[in-house]
Amino acid sequence: MDYLDTFSQFAAGITYESLGSDIHEQVGWILADTVGAMVAGSAEPELRALAARQAPGASAALVGLGSRASAETAAFINGTSGTFLEMDEGNRFSRGHPAVHVIPAALALSQERAATAPVFLSALVTGYEVGSRLGAASALRGAMHPHGTWGTVGAAAACARIAGLDAKAMRETLNISASMTTASSKQTMLEGGLVRNVYAGLSNRNGLLALQLAECGFTGEHDGLSSLLGKIISEKFDTVGLIDGLGSQWHLMRNYFKLHSCCRYNHGTLDAIDQIASRGALPLPAEIVRIDVSTYNLAAELKDKAPRNTLAAKFSVPFAVATRLVNQSSALSSFTWDAVRDPAVLALAQKVEVSEDPSMTQRLPLERPARVVISLHDGRQITGEAGVNRGDDAAPYSREELRQKFMDLTQRVWPAAHAATVLEATLELAALRGSLAPWAALLERAPQAA
């Protein structure tokens with residue numbers, strides 16, 4: 001039995017009911033966090049315009065939009081909306097966002113095939129572990145964005161689990177999906193190219209399509225994962241590490257959640273500013289001469305001082321620093337079009353210099369460090385430093401903080417009472433105290449009037 005047989009056997013055999021209550025609780029919050037991101041993203045005008053152009057259907061909910069579509073369309077639209085605001089959970093070991101690449105496809109197919117809650121939840125865990133482990137076992141080329149790559153295979157694994165495929169058929173589906181990933185460009189996020197937001201949507205749709213192809217008799221390579229991750233989008237693929245700890249070391253238990261409404265690579269810097277704030281009042285922008293940020297290599301790439309839109313702003317350390325100081329917040333409201341056009345924010349961003357500290361790069365992936373030095377007109381310097389980012393398993397947010405995040409996000413679309421009902425129903429579903437169809441029906445609630 002080779003590594004891929006072992007991996008496929010693991011993916012085909014995950015049974016949610018057999019997992020512990022700690023995993024059930026974590027799945028509940030991952031599911032809630034992803035639903036919250038999808039609902040909030042559904043309010044964006046570009047997303048609504050895209051959804052309106054899709055053919056109507058009856059299979060699956062378009063979350064937050066109050067309508068239905070085919071399973072393929074729902075997987076695509078919900079996957080796209082979930083990444084729009086940069087609020088979806090992620091995993092520092094895979095260096096990407098497993099849940100949003102898996103949950104939309106699993107939800108859409110589960111609705112189409114009337115799957116039970118345990119089957120849907122088994123698929124969620126399957127897809128998360130497959131996708132995240134593939135990301136961790138590889139090292140994508142530097143010019144690639146992780147969205148749309150290994151997440152496609154995670155989505156395919158989730159769909160194959162819903163279909164009840166055995167290990168042999170699971171392997172075939174994974175091999176097919178390896179040929180259906182996208183060559184996603186990191187430059188799109190740096191420049192604010194909104195096409196970046198569809199990468200996760202394409203992963204979900206193509207993962208579902210991979211299952212359909214397998215069920216129709218299509219085949220893939222003998223080992224498509226090694227081709228994809230060992231030769232094409234990555235030249236490093238650790239097949240030993242991929243299967244190490246299967247069934248005992250769960251990636252979803254070492255994920256991170258986000259409260260800063262921007263790219264995770266900004267979070268060390270923002271945590272360092274929060275550390276300064278915890279010691280007393282932050283300086284006023286008028287008092288600041290210069291701000292120096294030292295951080296790891298991936299974060300040091302985010303240097304744009306004049307982002308052209310809200311997406312580019314979320315991938316800019318200078319903007320994140322400036323809007324945090326001007327608006328006294330790093331929440332969603334600090335990354336809107338109003339913030340991007342604010343002269344005070346843009347002026348302060350010009351004073352932020354970002355550089356790589358190689359010793360910080362060496363601390364990845366266990367830490368994502370940053371040091372912030374704020375130099376003032378009176379000659380003083382104020383310094384803050386972060387190692388492990390808030391929201392990681394080593395420094396987790398409280399459940400109450402995650403609850404408030406869910407409410408803040410979903411109230412862009414739904415009234416507070418419905419949002420609270422959805423949150424409780426989601427946590428109950430993950431605890432195996434609910435049924436899938438009534439829970440999914442809650443997600444079909446139409447947006448409230450602006």
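Every read-out reported here was derived from the displayed coordinates using simple, explicitly stated rules and does not represent laboratory data. Just so you know, these numbers come straight off a predicted model, no measurement behind them. Positions of Cβ are generated from backbone atoms using ideal geometry, with glycine treated the same way; all protein chains shown enter the neighbour counts.
Sorting Thr116, Thr239, Thr410 from the fewest to the most surrounding beta carbons within 10 angstrom yields Thr116, Thr239, Thr410. The long axis of helix 21-41 is offset from the longest Cα principal axis of the chain by roughly 70 degrees. 3J(HN,Hα) along region 384-397, derived from phi through the Karplus expression 6.51 cos²θ - 1.76 cosθ + 1.60 where θ = phi - 60°, amounts to x, 9, 10, x, 5, 6, 4, x, 5, 5, 7, 8, x, 6 Hz, with x in place of Gly and Pro. Among 290-296, 428-434, the peptide with the highest mean count of other Cβ atoms within 10 Å heads the list, and the full ranking is 290-296, 428-434. In this structure, the amide hydrogen of Tyr256, modeled 1.01 Å from its nitrogen in the peptide plane, lies closer than 5 angstrom to those of Gly90, Asn91, Arg92, counting only residues at least 5 positions away or on a different chain.
Here's how it looks for Leu62: its modeled amide H is under 5 Å from those of Ser67, Arg68, Ala69, which are all 5 or more places away or on a different chain.
Using Cα atoms only, what is the angle between the long axis of helix 167-178 and the major principal axis of the chain, expressed in degrees (0 to 90) to the nearest 10? Once rounded, the angle reads 50 degrees. Kirkwood radius, region 264-386, all distinct C-alpha pairs, inverse of mean reciprocal distance: 14.1 Å. When the pairs Lys303/Lys405; Lys314/Lys351; Lys314/Lys405; Lys168/Lys236 are compared against a 22 Å limit on Cα-Cα distance, Lys303/Lys405; Lys168/Lys236 fall above it. For the chain, the Cβ-based charge dipole about the Cα centre amounts to some 760 debye (Lys, Arg positive; Asp, Glu negative; other atoms uncharged).
Counted by neighbouring Cβ atoms within 10 Å, the residues His145, His267 run from fewest to most as His145, His267.
Bridging of Lys305 to aspartates and glutamates at a Cα separation below 18 Å is possible for Glu191, Asp292, Asp338, Asp342, Glu353, Glu356, once same-chain residues fewer than 8 apart are set aside. The 3J(HN,Hα) values that the Karplus relation (6.51, -1.76, 1.60; θ = phi - 60°) gives for region 56-69 are, in residue order, x, x, 10, 7, 9, 6, 8, 4, x, 9, x, 8, 10, 8 Hz. Gly and Pro appear as x. Based on DSSP H segments of at least four residues, each scored -39500 (n - 2.57), the chain has a per-residue ellipticity at 222 nm of -14500 deg cm²/dmol. The angle between the Cα long axis of helix 416-430 and the longest principal axis of the Cα atoms of the chain comes to about 50 degrees, rounded to the nearest 10. Between amide H atoms placed 1.01 Å from N, distances below 5 Å from His145 occur with Ser184, Ser185, Lys186, all of them 5 or more places distant or on a separate chain.
Sequence-distant contacts, meaning Cα pairs under 8 Å at least 6 residues apart, place the relative contact order of region 170-310 at 27 percent.
Backbone phi angles across region 128-135, fed through the Karplus curve with coefficients 6.51, -1.76 and 1.60 (θ = phi - 60°), yield HN-Hα couplings of 4, 5, 4, x, 5, 5, 5, x Hz in residue order; Gly and Pro are listed as x. Each principal axis of the Cα atoms in region 1-58 has its own extent, and those three values, largest first, are 48, 29, 22 angstrom.
Remark: spin-label model distance Ala143-His222 equals 3.1 nm, labels positioned 7 Å along the Cα→Cβ axis. Among Met253, Met180, sorting on how many other beta-carbon atoms sit within 10 Å of each Cβ, with the fewest leading, yields Met253, Met180. Note on the chain: Kirkwood radius taken over Cα pairs, Stokes-Einstein applied at 25 °C and 0.890 mPa s, translational D equal to 112 µm² s⁻¹. Calculated over region 327-426, the projected area of the Cα convex hull averaged across directions stands at 9.5 nm².
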